[in-house]
Amino acid sequence: MSETVLVTGGAGYIGSHACKALRSAGYTPVTFDNLSTGWEAAVKFGPFEQGDLLDRARLDEVFQKHRPVAVMHFAAFSQVGESMQDPGKYWRNNVIGSLTLVEAAVAAGCLNFVFSSTCATYGDQDNVVLDENTPQFPINSYGASKKAIEDILVNFEQAYGLKSVIFRYFNVAGCDPDAEVGEFHQPETHLIPLMLDAIAGKRDALTIFGTDYETPDGTCIRDYVHVCDLVDAHVLGLKWLEGDKGSRVFNLGTGSGFSVREVVDESRAVTNMEVPIVEGARRAGDCTKLVSGSERAVTELGWRPERSTLPLMIADAWKWHQTGHYDK
Ligand code: UDP
């Protein structure tokens, strides 16, 4: 019988791709999700247990039933703007929910933990290549909540021997090339899916948030990583823990940055369609440039982010955009 991994947020964008990768690697992914932002139709690669991270009794039940060898913890709220308007929602769900999960894992003797953190924990350090040793000064409640969970994991290792691999994501993009699962947020706030909506005529235009940044073309620069590469790193992280290599933090980005205009131009080339754009004001909270120092995952985990080129990320997202949405 294959080993089981508990995947919180397995009905969401990244979690559903992780379930597919785990399944391909020979594990049984058990999705734990409250469906607040996820889709039951995205749970395709293993059992589904509906539940909320704040419900300790439900978590205990699921740990007892499935006896996972590890937890992959994706379930979280992740919108920066919302986190500033409603910090309590982020601290309660992300931090108290994660604390409840970690306590349940320790009680069940499940001591391998893979956690999805974010480059938002670094804060606003424009024009700096961010590596894992860069000090973390989050500037929004979302980043602060993820940083707090990282701290919880350190303390639970000291007290109970919980081992963790923490991944700090840069900009996750693209979709499963088979389009079995994909990116579908309601509401959508991310650049590439919004742009594809504009190309497909589902919205009037893409607004470029700011054209007066100190970058070569005036628009913000981000480090985009393909979701399939990202979840492959998680499987490598799981094997790292199973190999008793100890707790470790890894950035997940490619080290290359692309501006919003470059993403727009590439989308035009990939889809062979016009991209209706409007140049707008800066979006509050946006950094000029966020690019990962990404060597550690490559050298230590053996990670090879091979699909993380702009043309592939956009082509895979476009394929999903044309073929699959969970509400249909
Ligand atoms: N962006 C934009 N228009 C949009 C959405 C995003 O110009 O409608 C820009 C945004 O300012 C940032 C980049 O695209 O520079 C990536 O934004 P996204 O929200 O996808 O990810 P974030 O970097 O905020 O995590």
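The values are calculated or read from the model by the stated rules, or taken from the named source; none is laboratory data. All of these numbers come straight from a predicted model, not from anything done at the bench. Ideal geometry is used to build each Cβ from the backbone, glycine not excepted, and the neighbour counts take in all protein chains shown. Only protein heavy atoms, including side chains, enter the accessible area calculation; ligands, DNA and RNA are left aside. Shrake-Rupley method; radii C 1.70, N 1.55, O 1.52, S 1.80 Å.
Going residue by residue through the stretch 158-175, is there one that turns out to be basic (K, R), closer than 30 Å to K319 by Cα and either within 14 Å of the ligand (Cβ to nearest atom) or at pLDDT 95 or above (or both)? Yes, there is a match, as at least one residue in the stretch 158-175 is basic (K, R), closer than 30 Å to K319 by Cα and either within 14 Å of the ligand (Cβ to nearest atom) or at pLDDT 95 or above (or both). Yes or no: the stretch 117-132 includes at least one residue that is touching a strand residue (DSSP E or B) at 6+ places or on another chain (Cβ under 8 Å) and closer than 16 Å to K163 by Cβ. Yes, some residue in the stretch 117-132 is touching a strand residue (DSSP E or B) at 6+ places or on another chain (Cβ under 8 Å) and closer than 16 Å to K163 by Cβ. Out of all the residues in the stretch 208-218, is one or more of a type in the set (F, W, Y), in contact with a helix residue (DSSP H, G or I) (Cβ under 8 Å, 6 or more places away or on another chain) and within 10 Å of the ligand (Cβ to nearest atom)? Looking for residues that are of a type in the set (F, W, Y), in contact with a helix residue (DSSP H, G or I) (Cβ under 8 Å, 6 or more places away or on another chain) and within 10 Å of the ligand (Cβ to nearest atom), one finds at least one in the stretch 208-218, hence yes. Checking F74, F32 one by one, the residue that is under 19 Å from C175 (Cα atoms), under 19 Å from the mean Cα position of the chain (by Cα) and either buried (at least 17 other Cβ atoms within 10 Å of the Cβ) or at pLDDT 95 or above (or both) is F74 and no other.
In the stretch 194-207, of all residues being within 26 Å of G12 (Cβ to Cβ) and in a loop (DSSP other than H, G, I, E, B), the one that is farthest from the ligand (Cβ to nearest atom) corresponds to A200.
For the stretch 198-217, what are the residues that are free of Cβ contacts under 8 Å to residues at least 12 places away in the same chain and surrounded by 15 or more Cβ atoms within 10 Å (Cβ to Cβ)?
R203
Listed by position, the strands (runs of 3 or more DSSP E) enclosed by the stretch 215-328 that each have at least 3 residues that are under 20 Å from the mean Cα position of the chain (by Cα) and of a type outside the set (S, T, Y) are 248-252, 289-292. A residue that is within 23 Å of K163 (Cα to Cα) and in contact with a Cys (Cβ under 8 Å, 6 or more places away or on another chain) occurs nowhere in the stretch 76-95.
Please determine whether any residue of the stretch 241-259 is within 9 Å of the ligand (Cβ to nearest atom) and either touching a helix residue (DSSP H, G or I) at 6+ places or on another chain (Cβ under 7 Å) or not aliphatic (A, V, I, L, M) (or both).
Yes, the stretch 241-259 contains a residue that is within 9 Å of the ligand (Cβ to nearest atom) and either touching a helix residue (DSSP H, G or I) at 6+ places or on another chain (Cβ under 7 Å) or not aliphatic (A, V, I, L, M) (or both).
What's the total number of residues in the stretch 6-29 that are among the β-branched types (V, I, T), in contact with a Ser or Thr (Cβ under 7 Å, 6 or more places away or on another chain) and open to solvent by less than 10 Å² (accessible area, probe 1.4 Å)? So the answer is 1. For the stretch 141-193, a residue qualifies if it is crowded, with 16+ Cβ neighbours inside 10 Å, assigned to a helix (DSSP H, G or I) and aromatic (F, W, Y), and the qualifying residues are Y142, F156.
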